[in-house]
Amino acid sequence: MTRRPQGFTITRATLADLDDLAILFDAYRVFYRKRSDPALAREFLRERIERGESVIFLAREDADRAALGFTQLYPGFSSVSARRLWILNDLFVAQSARRRGVARAVMERAREFAMQTGALRLVLSTAKDNAQAQALYESLGYVRDVDMFSYALELG
């Protein structure tokens, strides 16, 4: 557990956090123009946690334990470097908790975790028009890749 001076605490999420986490995750999906589906959000997160397929850091209010925001990391590897990396796939802060340093704090906790696990790097992507997120990432030392293109193959 990492204690932050801003009045919130960041912990690694467990199944005990699932109900609160699912609410945030559903709001995150809606932000990216997906239909609200709390049951889908809950089931998806339950599977990730139970299977150990992701690491989720959850920020909670110190006073009333309200869920404020989260980041979700997926493991990956660099074949060329023969090292682990972490994909910072999801970052979301509840509207009511924004401008309090929650996003920065969960991002810093993710960095600490990646370093503790001996990872080579943290990687992430964001929408081209998400200037606020880009500013946060760059302020934390992330560098925009100008050498590589990203491709995706939709399978269904």
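When a/c is below 1.5 the answer is rounded, else prolate if a/b is larger than b/c, else oblate, so apply that to the range 99-156 with a ≥ b ≥ c taken from the square roots of the Cα gyration tensor eigenvalues. Mind dumping the intermediate values first?
Working: a/c = 1.81, a/b = 1.29, b/c = 1.40.
Oblate is the answer for the range 99-156, as a/c is 1.5 or above yet b/c matches or exceeds a/b.
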(message) Which of the three applies to the chain, rounded, prolate or oblate, going by the alpha-carbon gyration tensor with a ≥ b ≥ c and a/c under 1.5 meaning rounded?
(response) rounded
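Run the helix sum for the chain: -39,500 (n - 2.57) per DSSP H stretch of 4+ residues, divided by residue count, reported at 222 nm to the nearest 500 deg cm²/dmol. Intermediate results must be reported in sequence, preceding the final value.
Details: 4 runs with 52 residues, N = 156.
So the helix-based figure for the chain works out to -10500 deg cm²/dmol.
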(request) Set the Förster radius R0 to 41 Å, insert the Cβ-Cβ distance between GLN95 and VAL146 as r into 1/(1 + (r/R0)^6), and round the FRET efficiency to 0.05. (result) 0.80
(message) If you roll a 1.4 angstrom probe over the protein chains with everything in place, what fraction of the accessible area of the range 44-87 belongs to carbon and sulfur, to the nearest %?
(response) 51 percent
(request) Compute the distance in nm between two label points, each set 7 Å from the Cα along the Cα-to-Cβ direction, one at ARG12 and one at GLU154. (result) 3.6 nm
(message) For the pair VAL80/THR126, report the inter-label distance in nm, with labels modelled 7 Å from Cα in the Cβ direction.
(response) 2.4 nm
(request) Averaging sequence separations of C-alpha pairs under 8 Å and six or more residues apart, then dividing by the length of the chain, give the relative contact order as a whole percent. (result) 18 percent
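Could you give the accessible area per residue of the range 1-107, probe 1.4 Å, as a whole number in Å²?
54 Å²
The values are calculated or read from the model by the stated rules, or taken from the named source; none is laboratory data. Note that the coordinates shown come from a computational prediction; the quantities given were computed from them, not determined experimentally. As a convention, Cβ positions derive from the backbone with ideal geometry for all residues, glycine included, and neighbour counts pool all protein chains shown. We work out accessible area using only protein heavy atoms, side chains counted, and drop any ligands, DNA or RNA first. Shrake-Rupley method; radii C 1.70, N 1.55, O 1.52, S 1.80 Å.
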